Each structure stands twice: as structure tokens, then as C-alpha cells.
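One structure below.
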Amino acid sequence: MVFKRLLGSLGVGGPSVDTVLDPGAVTPGGSLTGQVHLKGGNADFTIEHITLELVARVEAEHEDGESEGMVVFDRFTVGGNFRLAEGEQRSIPFSVDLPWETPITELYGQGLGIALGVRTEIGVAGAKDKGDLDPLAVRPLPVQEAVLEALGQLGFGFKSADLELGHIRGTGQQLPFYQEIEVAPSPQYAHQVNEIEVTFLAGPAGMEVVLEADKRGGFFTEGHDTVSRYTVSHHGVGQVDWNAEVGSWMRQLVEHRAAYGSHSSYGSHDAYGHGDGHGHGHGHGHRSGPGMGTAVAAGAAGLAVGVVGGMVAAEAVDEIGDFFEGDEEEGDEG
């Protein structure tokens, strides 16, 4: 999906911009490469700057319910300060590093319903115009893929994924939002847990895995959330028995219910089950729902043998399309 537009602030006859990303999904912390193609208008123009913005469709919770909006989570200036002659065609190659916490949009080629984009802003003659917007595909890091694959092999099923505005207290989170991947419990825990939310907070040295279990309430007890945090390394992924590791995390997460009663708990551990014993909690107090229409099609849901089964539901695809088309229309109005 590529949008070619004239610079709306300059009207007919202004330069046009077309940003083309190199094919294939990228990884969090990896290099995003491509080219910005410019075509001169009916006069000479000075291109003051060419800036790429990373944008995401994010949910925000507030007293009146939930709302969705677009958040810019990084910006890169990739060129500028040159004269673009009348009718001239020029290409500006770029290579920028994505933030380590960039959400993943697909798993084994299956979309998760997350809307990310790269928006191109050009400054000409003191005016700015967001002239191009392209979808961004992000695949998991090896350690993220290993955790998700283990969940599938342990019988947990994919439900949905969304982006939540806010910070998780007690973590090293850098972006103003975080990704939640919601999974249905395996049969072993189905009577104890409604769903489990997985959040990856990656960094150069490793990754925090935040797990939140939405507890089922009994006849005389209320349901509650239990949260645990684990630290894993990017190195030696192939030497870890991830089924055993993730299975241990899930047992600890569910067993906290008995240990803490009706109170939520937040424990921190490393990849080998060592805990720090400190209590933490979410800084947002949210209760996540499906959101963004990202539920995987009924009957095909599941991280079966580590692979998200089935196709993304039609409403999820529609919402992603609306996200990009709506932003293009907003730019045209300016």
C-alpha cells in the first residue's frame, strides 16, 4: 500500500513524494531501509528536510471508556537542505534503526491486527506536509518467537493483540505505549484463568517478559489479576528448553492466586526462575478487552504448535486499512 500525493500545502504543481520500504518484515531494534523518491513540481523548490515518522494505532483507556488514536513513537531526519529543480527526479536512500520496543505485527507470516506505519514529512518553503504513509511489517525477535512458540506447544491459543497507551510500573519501558498479546489458557489452566496477556519489552541486552493473568472468580471470591515479570537474553536462545521455561512461568503465575488470595501480585524473575521478591504493579490499572477488532477468526484461533492458526478476521483488516486511509484524508484536508 503506497500513497503518492502532491504536497497539499503547496497545491497543484508542487513536488510529489513516494517512500518505498525495502520488502520484507523487519525486527525490533533492526534496520529499516528504503528510498524516498521525489519528483519536482512546475518550479524549483528547496527541500528543507525529509523526516520519517513511525506511527501506531493505540488504544487509550479513560473514565468514559476507550478511544483509539495515532501515536508517533520515533522520528528520523533522512535528508534535506537541497534544491529540487523543476521536474527533477531524485531518490534518497535511508537506513534507520527501529526502537527495540517496536510492536510485532506478524508471527510466521500471519498478521496480528496491529497497525504500524511509516509516514514521510517534507518541509518546503517553511511549510510541512505529511506526504506519504506506508504500512510497516515487524516480525518477532528470536527470543520473542521462542516464547510464543512455546506457548503454542503448551496448548495456549492466540486471542488478540493490541497496543495500550501508558507505562507498566516497575519495568524499563521506553515507549509511551506497550503491546499486549492475549492468549487463551491451556486446558490445564482453563478453570483458573480467563486469559493471559503477554508483553515484550525488548532492549539491546535482553528482554523483559511481563505476564498478566486475568483470574476467574469463584462463587465466594472475586476474580483478580496476577502479574509476573521475567528477564531473558537475546543470546543462547537455542540452548534454552523454552517449553519447560515458559511452562514454569505459567505455573508460577497461576499459583500466585493461592499464595496472595484476592490481591494482585507482581514478581520479577530471570529466565531461569530466580525471583527478586519485590512487588510491583501496572501503572495504568486497565482491564484489556479485545480492542481494535483484532480477534483471530473463530475456529482458527490458536498458537497451534507455535504458529498462529488461520487468517486475521476481516474486521481487523478493515480497521488497518481505515487507519492508513484516514490518515491520508486528514493530510489532504490540510
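Identify the residue in the stretch 125-141 that is small (Gly, Ala, Ser) and modelled with pLDDT under 95 and, among all such residues, is surrounded by the fewest Cβ atoms within 10 Å (Cβ to Cβ). The qualifying residue surrounded by the fewest Cβ atoms within 10 Å (Cβ to Cβ) is Gly126. Set side by side, the residues Gly69, Gly34, Gly14 differ, and just one is within 30 Å of His234 (Cβ to Cβ), of a type in the set (Gly, Ala, Ser) and not assigned by TED's automatic domain parsing to the domain that holds Glu149, which is Gly34.
Just one residue in the set Gly109, Gly123 is of a type outside the set (S, T, N, Q) and without any contact (Cβ under 8 Å) to a residue 60 or more places away in the chain; that residue is Gly109. In the stretch 245-255, is there at least one residue being modelled with pLDDT of 95 or more and assigned to a loop (DSSP other than H, G, I, E, B)? Checked against the condition, which is being modelled with pLDDT of 95 or more and assigned to a loop (DSSP other than H, G, I, E, B), the stretch 245-255 yields no hits at all.
One line per residue, one yes/no per condition, for (1) more than 23 Å from Pro142 (Cβ to Cβ); (2) modelled with pLDDT of 95 or more:
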site	(1), (2)
Gly172	no, no
Ile181	no, yes
Val193	yes, no
Ala213	yes, no
Thr221	yes, no
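Consider the stretch 68-95 and keep the residues that are of a type outside the set (Asp, Glu) and within 19 Å of Pro176 (Cβ to Cβ). The one that is surrounded by the most Cβ atoms within 10 Å (Cβ to Cβ) is Phe73.
Here Glu86 meets each of (1) without any contact (Cβ under 8 Å) to a residue 60 or more places away in the chain; (2) under 12 Å from the mean Cα position of the chain (by Cα) with one exception, condition (2). I need every pair where a residue in the stretch 171-188 that is assigned by TED's automatic domain parsing to the domain that holds Gly157 has its Cβ under 8 Å from the Cβ of a residue that is buried (at least 22 other Cβ atoms within 10 Å of the Cβ) and basic (Lys, Arg), sequence separation at least 6 or different chains. From residues that are assigned by TED's automatic domain parsing to the domain that holds Gly157, the pairs are Thr171/Arg229. Inside the stretch 229-244, residues that are surrounded by fewer than 17 Cβ atoms within 10 Å (Cβ to Cβ), assigned to a strand (DSSP E or B) and without any contact (Cβ under 8 Å) to a residue 60 or more places away in the chain make up a count of 0.
Here Thr77 meets each of (1) touching a residue at least 40 places away in the same chain (Cβ under 8 Å); (2) more than 30 Å from Lys159 (Cα to Cα) with one exception, condition (1).
Table: residues versus (1) crowded, with 18+ Cβ neighbours inside 10 Å; (2) within 18 Å of Thr105 (Cβ to Cβ); (3) in contact with a strand residue (DSSP E or B) (Cβ under 8 Å, 6 or more places away or on another chain).
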{"residue": "Val143", "(1), (2), (3)": "yes, yes, yes"}
{"residue": "Val147", "(1), (2), (3)": "yes, yes, yes"}
{"residue": "Leu154", "(1), (2), (3)": "yes, no, no"}
{"residue": "Gly157", "(1), (2), (3)": "yes, no, yes"}
{"residue": "Glu164", "(1), (2), (3)": "yes, yes, yes"}
{"residue": "His167", "(1), (2), (3)": "no, no, yes"}
{"residue": "Phe177", "(1), (2), (3)": "yes, yes, yes"}
{"residue": "Glu180", "(1), (2), (3)": "yes, yes, yes"}
{"residue": "Ala184", "(1), (2), (3)": "yes, no, yes"}
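The values are calculated or read from the model by the stated rules, or taken from the named source; none is laboratory data. All values derive from a computational prediction rather than experimental measurement. For neighbour counting, all protein chains shown are included, and Cβ atoms are generated from backbone atoms with ideal geometry for every residue, glycine included.
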